[in-house]
1. Any residue at all in segment 2-16 that's more than 15 Å from the chain's Cα centre (by Cα) and modelled with pLDDT of 95 or more?
2. Can you confirm whether residue 45 is modelled with pLDDT of 90 or more and surrounded by fewer than 14 Cβ atoms within 10 Å (Cβ to Cβ)?
3. Given the residues 35, 84, which is the only one that is surrounded by 12 or more Cβ atoms within 10 Å (Cβ to Cβ), at pLDDT 90 or above and either more than 30 Å from residue 118 (Cβ to Cβ) or not aliphatic (A, V, I, L, M) (or both)?
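The values are calculated or read from the model by the stated rules, or taken from the named source; none is laboratory data. Computed from a predicted structure; not experimentally measured. No Cβ is skipped: glycine too gets one built from the backbone with ideal geometry, and neighbour counts run over all protein chains shown.
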Amino acid sequence: MKNKSTNLIKEIREGQGLSQEAVAYQLDISQQAYSRIEKNPDSASLKRLKELSAVFGVSLASLVGEEDTYIQQNFQQQGGYVSSIVHVHGAMNLVEKELYDGHIKDLRGQIETLTELLVRTK
């Protein structure tokens, strides 16, 4: 379980585009102290894990790998390029699936539009 939790905490942090320094700042601890939590979450207090779950916006159970979790990172760059990274542990419920299906449909539409614009400018 230790390795699963360790990897999950890191995956959640990276999936949200956060650095160790940014998370440590929100927890009001040093980056080194946060790194120790990420490497060995079993040594962290329950209070600290609750604070960490609040920073990430996930349940405590998700943080330690006891329930399904999803992570999404969206960003937009100059020119309208949009990218999403979704990492799913376990099955999504129907509402989440519908939301993601809609999001994927919108992104495909944006890709088609941008592709048409690129073809016209050549």
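1. no
2. Yes.
3. 35
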